[in-house]
Amino acid sequence: MTKKTPSFPLPLMFCYFLSLLLLGCGEKNAKKDTDEVSATQETTVTETGDSNKKILFFGDSLTAGYGLEVSQAFPALIQQKIDSLELDYTVINAGLSGETTASGKNRLEWVLEDGIDIIIIELGANDGLRGVPLTETESNLQSMVDTVQSKLPNAKIILAGMKIPPNMGPEYTSKFESLFPELASSENITLIPFLLENVAGIPELNQGDGIHPTVAGQKLVAENVWEVLGPML
């Protein structure tokens with residue numbers, strides 16, 4: 001069995017790679033927010049299946065499957081699970097490497113469409129590693145939740161929790177981690193406690209950069225997601 005994720009703070013080397021790699025997820029995509037927003041019209045959205053009911057995964061490089069084929073990213077693995085159970089849902093992968101909550105807030109309406117039954121919001125890691133004020137990150141996430149509730153009032157929302165290394169200090173790190181469950185609780189939406197549970201900090205489950213999951217790591221991320229998503233289906 002895979003070892004449990006070590007409790008934070010993470011090993012120093014992992015923290016170093018995490019800061020470098022998530023901060024610049026996707027390299028060229030990690031530009032100024034204005035650049036990211038202008039590029040949203042070119043965002044690739046991968047859709048599998050032909051159901052009228054859709055599950056939208058909206059996130060950064062972790063959702064996009066950085067360094068892997070899109071078919072190896074956890075949203076595609078979720079589709080495989082859905083298909084194996086003969087459930088009538090189509091998964092849409094709208095992950096974009098380098099995404100922050102600010103750029104995500106501006107991009108969200110581009111990918112919302114009729115028929116979306118569930119949306120998983122996986123954003124915030126890049127904010128934390130850049131030291132974005134927590135009030136700004138919280139406001140952006142709140143705005144995205146409000147947008148979904150306004151545009152698709154019948155859609156269910158799942159918020160993916162995230163943790164960061166202690167580079168910004170213990171107070172910032174702790175408040176960042178608690179931001180996700182607090183928002184989920186206040187908005188009565190579903191929470192994935194930690195997207196990278198049993199994956200973060202385990203070298204054999206991450207690519208050479210030390211942070212983005214390998215094929216095996218993506219399978220465990222998919223399990224973390226399915227534990228919450230599965231009962232909803």
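The values are calculated or read from the model by the stated rules, or taken from the named source; none is laboratory data. Computed from a predicted structure; not experimentally measured. Don't worry about glycine lacking a Cβ; one is built from the backbone with ideal geometry, like all the others, and counts go over all protein chains shown. Just the protein is used for accessible areas: all its heavy atoms, side chains included, with ligands, DNA and RNA removed. Shrake-Rupley method; radii C 1.70, N 1.55, O 1.52, S 1.80 Å.
Tabulated data
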{"read-out": "The stretch 54-232, accessible surface, carbon-and-sulfur percent (1.4 angstrom probe)", "value": "47 percent"}
{"read-out": "Relative contact order %, the stretch 54-232, counting alpha carbon pairs below 8 Å whose residues are six or more apart", "value": "22 percent"}
{"read-out": "At 1.002 mPa s and 20 °C, Stokes D of the stretch 54-232 from Kirkwood alpha-carbon radius, µm² per second", "value": "132 µm²/s"}
{"read-out": "Relative contact order of the stretch 163-214, defined on C-alpha pairs under 8 angstrom at six or more residues apart (%)", "value": "18 percent"}
{"read-out": "Residue-normalised accessible area of the stretch 54-232, expressed per residue, 1.4 Å probe, Å²", "value": "38 Å²"}
{"read-out": "In the stretch 78-113, GluC sites (Glu not before Pro) in a DSSP loop with at most 11 other beta-carbon atoms within 10 Å", "value": "GLU86"}
{"read-out": "Cross-link table LYS53/LYS105; LYS53/LYS219; LYS54/LYS156; LYS54/LYS163, entries beyond 19 Å C-alpha to C-alpha", "value": "LYS53/LYS105; LYS53/LYS219; LYS54/LYS163"}
